[in-house]
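What follows is a single structure, written as C-alpha cells, with notes after it.
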2 protein chains.
Amino acid sequence: MFRGGWGQHSWWQGKFRGCGYRITLGREAILDVLSKSDKHLSAEDIYTKVHSKYPNVGLTTVYRTLDVLVNLGLVFKSDFGDKRARYELAEGPKGAHHHHHLICTNCNRVIDYTDFIDEEIELLNRTEKGLSKKYNFKITNHLIQFYGLCSNCVGK
Amino acid sequence: MFRGGWGQHSWWQGKFRGCGYRITLGREAILDVLSKSDKHLSAEDIYTKVHSKYPNVGLTTVYRTLDVLVNLGLVFKSDFGDKRARYELAEGPKGAHHHHHLICTNCNRVIDYTDFIDEEIELLNRTEKGLSKKYNFKITNHLIQFYGLCSNCVGK
DNA sequence: GATACTATTGATAATCATTTTCATTAATAC
DNA sequence: GTATTAATGAAAATGATTATCAATAGTATC
C-alpha cells in the first residue's frame, strides 16, 4: 500500500503500535493534518482537509480516530463554548509545548498563551500533589482557561 | 398570585428586577431548587424537581431561565465531560463560596475542593492582570479543573 | 381593581454534533 | 498466501439544546 510522504516510522507510530492499534491510511492522514496545524480544529475541519485529499476517508473515521488519539494522550480535546469539540496535538515531533487558553465569550476567539505558564505549572504541581493525597485521586491532566472579552469585542 | 414559601424579597430578586426581568413562579421555583442543592445539576435534573411540584413549568422554561441566570452571573454553567451542561449557584444568600473541580475521567464523579484555593486565586489574579495587559483582554471569569481517576476507579 | 402593553410560557418541531449499527475491507501475524 | 480480527464507510439513530408561535400572565398606569 502506498504511504504518502510521511515516512515509515513517524514519531507517533511507536506509541500507536505499542497499544495494539493498526496503522492505517486514514489515521496517518488525520495525524498529518493535526501536526501541520497550530489551530484548534473541529472534527469537521479535520474531515474536510483529510477528505479533500483522500475522499474515501469518512467523518466517522475521523471521530473514531480522534477518540483513540485522545485516549492515548496524543491529542487534547477541548470545549471553547461553541458546540463543537476542538482538537489539538498534545505533543509533536519536537515534544510538548504546553499552553493555556484565553477565550472571548462574545466572538469565541481563542488565544493560546504560554506566558506565566511556568509559575502556573509550579503551583499546579503542588496543588495536584495535595489533592491527590487528600482525595486519593490519580491526576492525569488539568485545564485552565480564562474567559472574557477580546480586544475586538471589549468596546462593543 | 400565591408565592410559595420564599418571601417577597429573596436575595436575588433585586438583581433580577434591576435588569428588567420579571419575577415569575417558574423562575422562583428554579432558583429555589438551585439554592437548596449543593450538587451540579443538569437542566433535566432541575426540570424534574421543579416539574414534580409545579407540573405546569416546562423544560423549555428551565433552559431559558438558566440562560438568563448565567448571563446575570447568578449561576455557573460547567461541562464535566458527559454531554449535559451542569449548573450551580454562583453566590447564595450567604455570598459566594468559590471552589474548583476534580473530575474522574472514568465515572465522571466530580469533587469540589476549596483547599489550595487561596494560593490559586492569588496566582490567577496576577496572571489575569498580566494577560489583560498583554492581550488587551477584559477577563471576567476563569476555569480550573483537574482530571484523573477517583479512588473507586484508580484500581480498575 | 380594570386595562393595555409586552415579556414569558409550554408544546412541538427542528437542529446538529456525535454515536451506533452492520456488512465490507484491509492490516497484521503466521 | 491465508486466516484473523481490527478498522472502515454509509446511513440511521441519539439526545441535549433551540427555535417557533399562539396563548398566558407580570407590571405599570389609570
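A few comments on the model shown:
- When B:Y63 is tested against (1) closer than 26 Å to A:N108 by Cβ; (2) of a type in the set (S, T, Y); (3) outside the structural domain of B:V33 (by TED's automatic domain parsing), just one condition goes unmet, and that condition is (3).
- Residue list for segment B:75-95, filter: open to solvent by 20 Å² or more (accessible area, probe 1.4 Å), within 10 Å of DNA strand D (Cβ to nearest atom) and touching a strand residue (DSSP E or B) at 6+ places or on another chain (Cβ under 8 Å): B:K77, B:D79, B:R84, B:A85, B:R86
- The one condition from (1) closer than 28 Å to A:D32 by Cα; (2) open to solvent by less than 70 Å² (accessible area, probe 1.4 Å); (3) more than 15 Å from the chain's Cα centre (by Cα); (4) of a type outside the set (A, V, I, L, M, F, W, C) that A:Y147 does not meet is (1).
- Residues satisfying the stated conditions in segment B:14-26, i.e. in contact (Cβ under 8 Å) with a residue 40 or more places away in the chain and either open to solvent by less than 60 Å² (accessible area, probe 1.4 Å) or aliphatic (A, V, I, L, M) (or both): B:F16
- Every residue from segment B:100-131 that is closer than 13 Å to B:H142 by Cβ, at the interface with chain A (Cβ under 7 Å from one of its Cβ atoms) and either in contact with an Asp or Glu (Cβ under 6 Å, 6 or more places away or on another chain) or crowded, with 19+ Cβ neighbours inside 10 Å (or both): B:E120, B:T127, B:E128, B:L131
- Condition met for A:G148 (among the small types (G, A, S) and over 20 Å from B:D118 (Cβ atoms)): yes
- Selected residue (only one of A:L72, A:L66, A:L34, A:L41 is touching a helix residue (DSSP H, G or I) at 6+ places or on another chain (Cβ under 9 Å), modelled with pLDDT of 95 or more and within 13 Å of DNA strand D (Cβ to nearest atom)): A:L66
- Boolean, A:K134 is within 11 Å of another protein chain (Cβ to nearest Cβ) and either loosely packed, with under 13 Cβ neighbours inside 10 Å or in a loop (DSSP other than H, G, I, E, B) (or both): no
- Count of residues meeting criterion [within 9 Å of DNA strand C (Cβ to nearest atom), open to solvent by 80 Å² or more (accessible area, probe 1.4 Å) and touching a residue at least 12 places away in the same chain (Cβ under 8 Å)] in segment A:42-71: 2
The values are calculated or read from the model by the stated rules, or taken from the named source; none is laboratory data. These numbers were taken from a predicted model, which means no experiment stands behind them. Note that each Cβ is placed from the backbone with ideal geometry, even for glycine, and that neighbours are counted across all protein chains shown. Note: accessible area is taken over every heavy atom of the protein model, side chains too, but ligands, DNA and RNA are not part of it. Shrake-Rupley method; radii C 1.70, N 1.55, O 1.52, S 1.80 Å.
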